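S.K.: Quick one: structure below, then a few questions.
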Amino acid sequence: MAVTMDNPPMPGPSSYPVRLDVQYPEKLNNLLPLVKWLLAIPHFIIVYALLIVVEVITVIAFFAILFTTKYPEGLFKFAVGVLRWQANVSAYLYLLRDEYPPFSMDAGQYPVTLEIDPPDQLNRWLPLVKWLLAIPHFVVLIFLSIAVYLTTVIAFFSILFTGKYPEGLFKFAVGVSRYGQRVNCYLLLMTDAYPPFSLD
């Protein structure tokens, strides 16, 4: 069946071309959550600047897709690297890991895995309406983000007193991050596959 604007692909969660996972830590530093936001400031500055570059890349990719149905390979790899760096910092900041994130876009340097399959070909017209198709996901993500904020507060006190991130809350936080990353990559034109409404 051909992929059109009216018929975007609907893969299941396990086959989706964007995959995110975070290794569960058995033990966390009790006091580190108090200062992580401060330690992460250098990363905030760099990642913020890199995300601006990704926005420019997305504009370039938009026209490349419009005329060639291809996302330029070098730009795609750079965008993946930035999103990987951002995912590492987010995992650190949201108390999922204690290891200080590397100043790097490379894979395999942190216990966070982000894989984004490069598309062979993209629908040239779909970028015009992706923002509209993603609206239901925006609504869901608003509620999920509020829930993650609340569970992170609970996890903060759990880590403070026990050195443990409750495993169920951990899986939920990672699942929301995974879901959000899929929607993000869809909007950044890195895939035409419509994101599943799933945390898996």
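S.K.: Helix 73-93 versus the longest principal axis of the chain: what angle, 0 to 90°, nearest 10, using Cα atoms?
M.R.: Tilt of helix 73-93: around 20 degrees.
S.K.: Moving to a separate point now. To test your reading of the geometry: what angle, between 0 and 90 degrees and rounded to tens, separates the Cα axis of helix 41-68 from the longest principal axis of the chain?
M.R.: Helix 41-68 and the main axis of the chain meet at about 20 degrees.
S.K.: Quote to one decimal, in nm, the extra length available between Tyr100 and Val139 on full extension: 0.36 nm per residue of separation minus the C-alpha distance between them.
M.R.: Fully extending the segment from Tyr100 to Val139 adds 10.8 nm.
S.K.: Then there is this: Cα atoms only, region 94-200: Rg and Dmax in Å?
M.R.: Here Rg and the maximum Cα pair distance are 16.3, 53 Å.
S.K.: Share of the chain's accessible area from carbon and sulfur, percent, 1.4 Å?
M.R.: For the chain, the apolar C and S fraction of the accessible surface comes to 69 percent.
S.K.: Hey, another quick one. Debye sum, Cα scatterers, region 82-146, no solvent: what log₁₀ I/I(0) at q = 0.12, 0.17, 0.24, 0.27 1/Å?
M.R.: Each listed q maps to, in turn, -0.50, -0.85, -0.99, -1.04.
S.K.: Enumerate by residue number the trypsin sites (Lys or Arg not before Pro) in region 60-95 meeting two conditions: DSSP loop (anything except H, G, I, E, B), and at most 16 other Cβ atoms within 10 Å of the site's Cβ.
M.R.: Of the trypsin sites (Lys or Arg not before Pro), the ones in loops of region 60-95 whose Cβ has at most 16 other Cβ atoms within 10 Å are Lys70.
S.K.: Something else now. Counting pairs of alpha carbon atoms under 8 Å apart in space and at least six apart in sequence, what relative contact order in percent does the chain give?
M.R.: On the way: 252 pairs, mean separation 74.0, N = 200.
Answer for the chain is 37 percent.
S.K.: How many nm separate the modelled label positions at Ile52 and Lys27, each set 7 Å beyond the Cα in the direction of the Cβ?
M.R.: For the pair Ile52/Lys27, the computed spacing is 4.3 nm.
S.K.: Now a separate question. So what is the 222 nm mean residue ellipticity for the chain from helices alone, if each DSSP H run of at least 4 adds -39500 (n - 2.57) and you divide by all residues, rounding to the nearest 500 deg cm²/dmol?
M.R.: -18000 deg cm²/dmol
S.K.: Select from region 145-200 those chymotrypsin sites (Phe, Trp or Tyr not before Pro) which occupy a DSSP coil region and have at most 13 other Cβ atoms within 10 Å, ordered by residue number.
M.R.: Hits after loop and neighbour filter: Phe197.
S.K.: Taking 2.2 N^0.38 Å as the expected size of a compact globular protein, what ratio does the Cα radius of gyration of the chain give against it, to two decimals?
M.R.: Relative to the 2.2 N^0.38 Å estimate, the chain comes out at 1.07.
S.K.: Do you know the relative contact order of region 72-181, to the nearest whole percent, from alpha carbon pairs under 8 angstrom that are 6+ apart?
M.R.: Relative contact order here is 21 percent.
S.K.: Could you tell me the center-to-center distance, by alpha carbons, between region 14-65 and region 114-151 in angstrom?
M.R.: 16
The values are calculated or read from the model by the stated rules, or taken from the named source; none is laboratory data. These figures come from a predicted structure and were not determined experimentally. Cβ sites come from the backbone with ideal geometry, for glycine too, and all protein chains shown count toward neighbours. When the accessible area is computed, the model is the full protein with side chains, heavy atoms only, and any ligands, DNA or RNA have been set aside. Shrake-Rupley method; radii C 1.70, N 1.55, O 1.52, S 1.80 Å.
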